[in-house]
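Student: Please read through the structure below; I'll follow up with questions.
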Amino acid sequence: MLYLFSVLMIACGCVFLLISVRPVNHIYKTDSNLGWLVLRSLVVFFVFGYFGVFYYFVQKMTINTADVIVSAIMMAGGFFVFLVTRLSLKSMVKLNQLAAQERSNLLHDPLTGLANRAYLMQDMQALIANEEQFDLLILDLNQFKQINDALGHYFGDVLLCQVGLKIGQTLPNTCTLYRLGGDEFAIVSTAMVSENTSQKENESANRIDDIARLIHSTMDENFEIESYELSVSACIGGTGFPELGRSAEILLGQANLALYECKKNTSSFSHYSSAFETGAADNLSIATRLKQAVALEEFELWYQPIIDLSDGSVNGAEALIRWPQLDGSYIAPDKFIKIAEQSLLITQITQRVMNIVKEDIQLFNQSKLSLCVHLNLSVKDLQSPHLVDNINSIFSQCDWSKHALMLEVTESAMMTDVARVKITMAQIANTGLAFSIDDFGTGYSSLALLRDLPVNQIKIDRSFVSNILKSEDDLAIVKSTIYLAKHLGCNIVAEGVEDAQTGQLLKSLGCDHAQGYYYSKPLKIESFIQFAESHRPITQ
């Protein structure tokens, strides 16, 4: 009986060793480490050794206690090798799965599940290495920040997921969708292109146009999130390989430049052009010089009269910043203000403007001119925690009425951070200063926001005013805005008045004030004072 038991234990040890050969071999193929090769060789060697011992025991026919102990040890050794190799294989498979999951996480957006920026760069580099032609598009969602601020991050996250899902379902199989971060997505299209080099750039633009139209048509429908129907649109910029760029980094930069042009021109999409590089170089030059201009106080203020339509007198003026150059020319505000807003320089510029306005109001008072100066605040100004303190420190010591200053805020600026803007405007209003909403009708503010904010005046945008003699729709908008303002206790300024007929019509509609080149272009301080003195109210 002991003899059979010993032989059986040795046989089990042989089986365990034989079974261990496969996992060890699999491990070695997965991880070609010398140690696993040595282990595999040892296991094979032990197998032959066990078979030799097994043959010896079968031939021996007699057995003692020591032989039984040796048999038990050999079975345990075989089982130990089997157990170690199986557990090692399972651990390695588990680690490989975790590593694969980690690699997947590094290459995918955790919110939407889409491929991320790292994946985009990896894919583009692979396509470039294989000389495969493709187009790159970057799209940025409009109105997303307003929705995120108004409804909260939960709705913003759900909206991003729905946008990614809907666009992904719409795109053809030749396109891959990526999320770069925030409300920015990217698309790589590998559609076939012409071999005719002279036609490649035009074909790339046409393909980007087709994809852009497809995306815009997809986003025409509202996105339903719980009880809300949300509407977003997109700006799209695109470029192509190899006709426009030869590296992933260059292509990404080109697509971003095209996206910037698209936003600037409020178009549906923009295809990269080398002309954009010139604009980018100009912007870099302006950004470099802007810091010095702020330090040296190179800016001037010009004033465009605001006319009281009841008697044609000058009621006030909008302070407009100018940046003079050594050759006598001026850099347009729309060129350097946006650049300044991308840095902290805009708050310093606004502070400089406030100081100039403070001094100029003293000049108006010396000339016995009772005027209200309109001063523009940017998005960055409203977001600055120092704005209220700056206003108080500059204007608190003035001996003139607070009615001599009106702060202008655009609709879009109010919507960038609604909660903070409400607090900031309320704090400033408590000091006695008034607010005017500039470019009314061009933004996305709600009437409830208009009701809740401390607004004293509404300025109707020139895009509506300039066509009221020709467009019934624009006329209806202007009439409705005047009616709304009157019932909210606000006075009205119509911007962009270019002729007498428009001014007369606005007066008949009950508009309080008007501004535009028909009355006067922006003037330097001396010329403005002369103009205002010649257009005093009748009572003066």
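Condition check ((1) surrounded by 13 or more Cβ atoms within 10 Å (Cβ to Cβ); (2) over 30 Å from Glu184 (Cβ atoms); (3) not hydrophobic (A, V, I, L, M, F, W, C)) across all residues:
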{"site": "Thr65", "(1), (2), (3)": "no, yes, yes"}
{"site": "Val68", "(1), (2), (3)": "yes, yes, no"}
{"site": "Ala76", "(1), (2), (3)": "yes, yes, no"}
{"site": "Val93", "(1), (2), (3)": "yes, yes, no"}
{"site": "Asp109", "(1), (2), (3)": "yes, no, yes"}
{"site": "Leu114", "(1), (2), (3)": "yes, no, no"}
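Student: Next question. Looking only at region 116-142, which residues are crowded, with 17+ Cβ neighbours inside 10 Å and in a loop (DSSP other than H, G, I, E, B)?
Tutor: Within region 116-142, Asn116, Gln133 qualify.
Student: Right, something else. Here are the criteria: (1) surrounded by fewer than 17 Cβ atoms within 10 Å (Cβ to Cβ); (2) among the polar types (S, T, N, Q); (3) touching a residue at least 12 places away in the same chain (Cβ under 8 Å). Tell me which single one Asn105 does not satisfy.
Tutor: (3)
Student: Counting just the residues of region 458-477 that are within 33 Å of the chain's Cα centre (by Cα) and among the hydrophobic types (A, V, I, L, M, F, W, C), which one comes out nearest to Ser384 (Cα to Cα)?
Tutor: Among them, the one singled out is Ile458.
Student: From the set of residues in region 361-419 that are of a type in the set (Phe, Trp, Tyr) and over 38 Å from the mean Cα position of the chain (by Cα), which is surrounded by the fewest Cβ atoms within 10 Å (Cβ to Cβ)?
Tutor: Within region 361-419, the first condition is being of a type in the set (Phe, Trp, Tyr), and the residues that meet it are 364, 395, 400.
Narrowing the set further to residues that are over 38 Å from the mean Cα position of the chain (by Cα) leaves 364, 400.
Numbers: Phe364: 22, Trp400: 14.
Out of the qualifying residues, it is Trp400.
Student: Okay, moving on. Tally the residues that are outside any helix (DSSP H, G or I) and surrounded by 16 or more Cβ atoms within 10 Å (Cβ to Cβ), restricting the search to region 313-347.
Tutor: First pass over region 313-347, keeping only residues outside any helix (DSSP H, G or I): 313-332, 342-344.
Applying the additional criterion that residues be surrounded by 16 or more Cβ atoms within 10 Å (Cβ to Cβ) yields 313-321, 323, 331.
Residues in region 313-347 being outside any helix (DSSP H, G or I) and surrounded by 16 or more Cβ atoms within 10 Å (Cβ to Cβ): 11 in total.
Student: Do you know which residues across region 6-15 are modelled with pLDDT of 80 or more and either over 11 Å from Phe46 (Cα atoms) or not assigned by TED's automatic domain parsing to the domain that holds Gly52 (or both)?
Tutor: Of everything in region 6-15, those that are modelled with pLDDT of 80 or more and either over 11 Å from Phe46 (Cα atoms) or not assigned by TED's automatic domain parsing to the domain that holds Gly52 (or both) turn out to be Leu8, Met9, Ala11, Cys12, Val15.
Student: When you scan region 517-539, do you find a residue that is over 26 Å from Leu375 (Cβ atoms), in the same structural domain as Leu320 (by TED's automatic domain parsing) and of a type in the set (S, T, N, Q), even just one?
Tutor: Within region 517-539 (the criterion being over 26 Å from Leu375 (Cβ atoms), in the same structural domain as Leu320 (by TED's automatic domain parsing) and of a type in the set (S, T, N, Q)), the answer is no, since none of the residues qualifies.
Student: So which of Asp135, Asp149, Asp109, Asp157 is of a type in the set (Asp, Glu), at pLDDT 90 or above and touching a Ser or Thr at 6+ places or on another chain (Cβ under 8 Å)? So that I can check it myself, show each step before the final result.
Tutor: On the way: Asp149 fails: at pLDDT 90 or above; Asp109 fails: touching a Ser or Thr at 6+ places or on another chain (Cβ under 8 Å); Asp157 fails: touching a Ser or Thr at 6+ places or on another chain (Cβ under 8 Å).
After applying the criteria, what remains is Asp135.
Student: Any idea how many residues of region 420-440 are surrounded by 17 or more Cβ atoms within 10 Å (Cβ to Cβ), under 27 Å from Gln515 (Cα atoms) and in contact with a helix residue (DSSP H, G or I) (Cβ under 9 Å, 6 or more places away or on another chain)?
Tutor: To start, the set of residues in region 420-440 that are surrounded by 17 or more Cβ atoms within 10 Å (Cβ to Cβ) comprises 421, 424-425, 428, 433-440.
If we keep only those that are under 27 Å from Gln515 (Cα atoms) as well, we get 421, 425, 428, 433-440.
Add one more test, that the residue is in contact with a helix residue (DSSP H, G or I) (Cβ under 9 Å, 6 or more places away or on another chain), and what stays is 421, 425, 428, 433-435, 437-440.
Result for region 420-440: 10.
Student: In region 354-363, is there at least one residue being in the same structural domain as Gln292 (by TED's automatic domain parsing) and at pLDDT below 85? Working first, answer last.
Tutor: At the first step, the residues of region 354-363 found to be in the same structural domain as Gln292 (by TED's automatic domain parsing) are 354-363.
Then drop every residue that is not at pLDDT below 85, which leaves none.
No, that holds for no residue.
Student: Going through region 27-56 one residue at a time, which ones are crowded, with 17+ Cβ neighbours inside 10 Å and not aliphatic (A, V, I, L, M)?
Tutor: Tyr28, Trp36, Arg40, Phe46, Tyr50, Phe54
Student: Let me ask another. Collect the residues in region 216-243 that are of a type in the set (A, V, I, L, M) and crowded, with 23+ Cβ neighbours inside 10 Å, keeping them in residue-number order.
Tutor: Filtering region 216-243 down to residues of a type in the set (A, V, I, L, M) leaves 219, 225, 230, 232, 234, 236.
Ala234, Ile236 - these are the residues of region 216-243 that are of a type in the set (A, V, I, L, M) and crowded, with 23+ Cβ neighbours inside 10 Å.
Student: Sticking with this one: Any residue in region 278-297 that is within 21 Å of Trp400 (Cα to Cα), among the hydrophobic types (A, V, I, L, M, F, W, C) and buried (at least 20 other Cβ atoms within 10 Å of the Cβ)? Spell out the reasoning first.
Tutor: Filtering region 278-297 for residues within 21 Å of Trp400 (Cα to Cα) gives none.
Within region 278-297 (the criterion being within 21 Å of Trp400 (Cα to Cα), among the hydrophobic types (A, V, I, L, M, F, W, C) and buried (at least 20 other Cβ atoms within 10 Å of the Cβ)), the answer is no, since none of the residues qualifies.
Student: Considering Gly253, Gly238, which residue is in the same structural domain as Asp157 (by TED's automatic domain parsing), free of Cβ contacts under 8 Å to residues at least 12 places away in the same chain and not aromatic (Phe, Trp, Tyr)?
Tutor: On the way: Gly238 fails: free of Cβ contacts under 8 Å to residues at least 12 places away in the same chain.
Answer to the check: Gly253.
Student: Testing Val455 on (1) more than 28 Å from the chain's Cα centre (by Cα); (2) under 30 Å from Ser396 (Cβ atoms); (3) in contact (Cβ under 8 Å) with a residue 40 or more places away in the chain, one condition comes back false. Which one is that?
Tutor: (3)
The values are calculated or read from the model by the stated rules, or taken from the named source; none is laboratory data. Not measured: the values here are computed from a predicted model. In this analysis, Cβ positions are derived from the backbone assuming ideal geometry, glycine residues included, and neighbour counts consider all displayed protein chains.
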